[in-house]
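Below: one structure, written as structure tokens.
The values are calculated or read from the model by the stated rules, or taken from the named source; none is laboratory data. Bear in mind that the values here come from a model prediction, so they are computed numbers and not experimental data. Note that we place each Cβ from the backbone using ideal geometry, even for glycine, and neighbour counts take in every protein chain shown. Side chains are part of the model used for accessible areas, which takes the heavy atoms of the whole protein and leaves out ligands, DNA and RNA. Shrake-Rupley method; radii C 1.70, N 1.55, O 1.52, S 1.80 Å.
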Amino acid sequence: MEELLKINNLDVKFDTDEGRITAVENISLSVKQGEVLGIVGESGSGKSVTAKAIMQLNPGNTIYNDDAEIIIDGENVIKFTSKEDLMKIRGGKVSMIFQEPMASFAPAIKIGDQMVEQLLLHKNIKKDEAKTISLDMLTRVGITDTEKRFNQYAFELSGGMRQRAMIAMALSTMPKLLLADEPTTALDVTIQAQVLKLMKDIIKEYKMGVIFITHDLGVIAQTADQIAVMYLGCVVEKGPVNEILKNPKHPYTKGLIAALPDVNNLEAPLKPIPGNIPSPLERPTGCVFRTRCPHPTKEGKEGKIDMKLVEVEPGHWVDQCGAKCG
Amino acid sequence: MSDNLISVNNVCVNFDYQENFISKKQKIHAVQNINIKIKKGSFFGLVGESGSGKTTLGRAILGANKISSGNVIFHDDDKDYDLTTISKDELKEYRKKAQLIFQDPYAALSPRMTVRDIIAEPLEVMKITKNKQETDERVREIASKCRLNLEHLRRFPHAFSGGQRQRISIARALVSSPKFIVADESVAALDVSIQADILNLLKNLRKELNLTYLFISHDLSVVAHVCDVVAVMYLGHIVELAPSKELFNNPKHSYTKALLSSIPSIDPEKQSKAIELTGEIPSAMNPPSGCVFKTRCPNPGHDCKGGDIEMGLIEVSPGHWVDQCCVISK
């Protein structure tokens, strides 16, 4: 199947008062049409920065490396500078759903007006056509009374409803790629189940590629086809979701799975990953996970093994240091 | 002497609400007719969606919200405190004995105070320690119990990660040697790997310091792991109350069943069999008559839809209480 998005050797650094911070290091990922790529990791692992790099939404002090490529439809978006080019990706070919739906709608503009505005920007259509499309999309995501909701403000909707409206808005321009950054984290479990089901149906129907960012392994297991586990800006393990969750090789992936409370076995003790995620200013050299690794190899502990993914099973890639000690 | 530390008897909490100054005053029924007993040394869990009234109930027990009717009694060793009639002086005493751990460790700590000052503040405000030396000693003692590095006491909160900040909040709550702790979504803002660490810390501290917890959370899998007894709340009512193992292996109320089935499984082959609840939690301003869950119930009985069945818990097996609507209306 056609590759929609290809990220090659991406580094993202930020210039700050305290020095240059590495947020993402040497990431290569790809998403095919109709495929859901799940990115998991703790806060500070660089998941959102990666997504924002695709949309070119990172702030002005961001530095990308010269040989980095983010290829969407044969074009390297990192090299885009003009407003027109950027508009083609933002909301055009790529749409994004953010974590907190209250913060991502403008509070003083009606939901409907915001939906129409972005359609007018990206599609060559008239205002009433845009309204018809928006109303259709709202119905599609299971919002009743669409005409009324269309004329309401974000604060008048409940959390679940707002996230549905956000999804409707992101999908109405028919993007090829959807970036969902923790779309269900702020929702209650019963509402989360509704929203996930809706997203799965829509992804199947429109055959779009999706990057699904979350810290919740359960949500990933239920939605993704491929999974990439990130730690401190690096992908430490990636592959098909079934393979990674059933047969994890990297000690960090194993730790994440073990730390989850298991509802089927209430007696099992909770196993945290020891230590804290290091500050990006004190990034370890060599294997980034070595400061928290439960049983590191000697070379790994001394930081002598560089980060590099190796293929252990067809399609299952693990960082070489983690493959040895895991 | 009773085994219970807290008895909550028929507690209702209502808030007045007025949309604007000419419209009619309305009542929001946040908490309705709650009866619970929290045993000494237990981990009592309270789960429910946002808007179910779990935080309001927690605050009412701490005396931070006005109780509209009913009463809450805190059974101390030598004295009972009735929170509805409590005097100002008694309330001050009570505050030393009951403390709160907040949800968001980023918002709960003042960015302008050092960790030492944050932890010492309750001691100074409540005048528990006599001089600075004694305060410092107490701060160091509790900080090491919460596994904080003593060198960190001089730093400011911005230097710490989420898990460390939550340990600072816990140390501050415990510094006045309370007996009862309300932990309101205390691990919700943390990453899974750290969440497990904080939960283990809370568990260990319970044994070490003889604490009793009211643990409020929306995450059932977390509650299942730490709590002895769990109450499920929906729209201000408790709909099911049971020892946690019993509740998770043998849920009786259709809301509890739906909640349990909505937890996404980490086994990709076990595709979710979530009992899908349509719609959302109704407004607490005009809750449905009869069973409050009937607007979303996946399989309501005949009498339930009619709204004839009042809310009320009945005991189906020892210690397992279920709202009567789901038991009798089949």
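Below, the figures for the structure above:
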item	result
Virtual spin-label span in nm between B:LEU150 and A:THR16, 7 Å along Cα→Cβ	3.0 nm
Net dipole in debye of the protein assembly as shown [+1 Lys, Arg Cβ; -1 Asp, Glu Cβ; about Cα centre; nearest 20]	700 debye
Per-residue ³J(HN,Hα) for the stretch A:107-120, Karplus 6.51 cos²θ - 1.76 cosθ + 1.60, θ = phi - 60°, Hz, x for Gly and Pro	x, 9, 10, 4, 3, x, 4, 5, 5, 5, 4, 5, 5, 5
Amide H contacts of A:ILE97 (H built 1.01 Å from N, under 5 Å, at least 5 apart or other chain)	A:LEU179, A:ALA180, A:ASP181
Listed residue (B:LEU205, B:ILE275, B:ALA224) projecting farthest to the positive dipole end of the protein assembly as shown, Cβ model	B:LEU205
The protein assembly as shown pair-distance distribution - Cα-Cα, 10 Å bins, rounded %	3, 14, 23, 25, 20, 11, 3, 0
Relative contact order %, the stretch B:79-205, counting alpha carbon pairs below 8 Å whose residues are six or more apart	39 percent
Chains B and A, summed buried accessible surface - 1.4 Å probe, Å², nearest 100	3600 Å²
Cα-based Rg of chain B normalised by 2.2 N^0.38 Å, two decimals	1.06
Value in Å of the Kirkwood radius, where the stretch B:147-197 supplies the Cα pairs that are averaged	12.1 Å
Max mean-square fluctuation residue, GNM over chain A, Cα-Cα springs under 10 Å, options A:ALA154, A:ALA68, A:ALA268	A:ALA268
Listed residues B:LEU313, B:ALA284, B:PRO298: farthest to the positive end of the dipole of the stretch B:250-330 (Cβ charges)	B:PRO298
Reference-scaled alpha-carbon Rg (2.2 N^0.38 Å with N residues) for the stretch A:102-174	0.98
Total charge dipole magnitude, the stretch A:102-174, about the Cα centre, Cβ charges on Lys, Arg, Asp, Glu only, Debye to nearest 20	80 debye
Test item: Cα-centred dipole of chain A, Lys/Arg +1 and Asp/Glu -1 on Cβ, debye	220 debye
Virtual spin-label span in nm between A:LYS204 and A:GLU75, 7 Å along Cα→Cβ	3.3 nm
Rounded accessible area of A:VAL318 (nearest 10 Å², 1.4 Å probe)	0 Å²
Environment charge at A:VAL288 (Cβ cut-off 10 Å; Lys +1, Arg +1, Asp -1, Glu -1)	+1
For the stretch A:6-146, Kirkwood radius (reciprocal of mean inverse C-alpha pair distance, Å)	17.4 Å
Accessible carbon and sulfur surface of the stretch B:250-330 relative to its total accessible area, %, 1.4 Å	53 percent
For the stretch B:276-305, residues shielded by at least 20 square angstrom of accessible area compared with the chain on its own, probe 1.4 Å	B:GLU276, B:LEU277, B:GLU280
Cross-link pairs A:LYS88/A:LYS207; A:LYS249/A:LYS301; A:LYS271/B:LYS203; A:LYS254/B:LYS54 - those with Cα-Cα distance over 23 Å	A:LYS254/B:LYS54
Projected area averaged over orientations for the stretch B:164-322, convex hull of C-alpha atoms, nm²	11.7 nm²
For chain A, alpha-carbon Rg over 2.2 N^0.38 Å	1.04
Estimated Rh, the stretch A:191-312: Kirkwood, alpha-carbon pairs, angstrom	16.5 Å
Probe 1.4 Å, protein heavy atoms only - accessible area per residue of chain A in square angstrom	43 Å²
Ratio Rg/Rh, restricted to the stretch B:250-330 and using Cα atoms, in which Rh is the Kirkwood radius	1.02
Helix axis angle, B:132-145 relative to chain B longest principal axis, alpha carbon, degrees	50 degrees
Angle in degrees between helix A:127-140 and the longest Cα principal axis of chain A, rounded to the nearest 10	60 degrees
The protein assembly as shown - mean residue ellipticity at 222 nm from DSSP helices (-39,500 (n - 2.57) per run, n ≥ 4, rounded to 500)	-9500 deg cm²/dmol
Neighbourhood net charge (12 Å Cβ-Cβ; Lys/Arg +1, Asp/Glu -1) for B:SER244	-3
Top of A:TYR252, A:TYR206, A:TYR231 by mean-square fluctuation, Gaussian network on chain A, Cα under 10 Å	A:TYR206
Extension reserve of the A:SER30-A:THR144 stretch, reckoned as 0.36 nm per residue once the Cα distance is removed	37.4 nm
For the stretch A:254-299, diffusion coefficient by Stokes-Einstein and Kirkwood Rh (Cα), 4 °C, 1.567 mPa s, µm²/s	103 µm²/s
Placed amide H near B:VAL229: partners under 5 Å, 5+ positions off or other chain	B:PHE43, B:GLY45, B:SER244
Cα long-axis angle, helix B:115-125 against chain B (0 to 90 degrees, to the nearest 10)	80 degrees
Cα radius of gyration and Dmax for the stretch B:89-201 (Å)	13.5, 42
List of the stretch B:184-208 residues, accessible area with partners at least 50 Å² below that of the chain alone (1.4 Å probe)	B:ASP191, B:VAL192, B:SER193
Relative contact order (percent, whole number), the stretch A:136-237, Cα cutoff 8 Å, 6+ residue spacing	23 percent
Highest-MSF residue in chain B out of B:ASP303, B:ASP77, B:ASP117 [GNM, Cα springs under 10 Å]	B:ASP77
Length-normalised contact order of chain B in % [C-alpha pairs under 8 Å, at least 6 apart]	19 percent
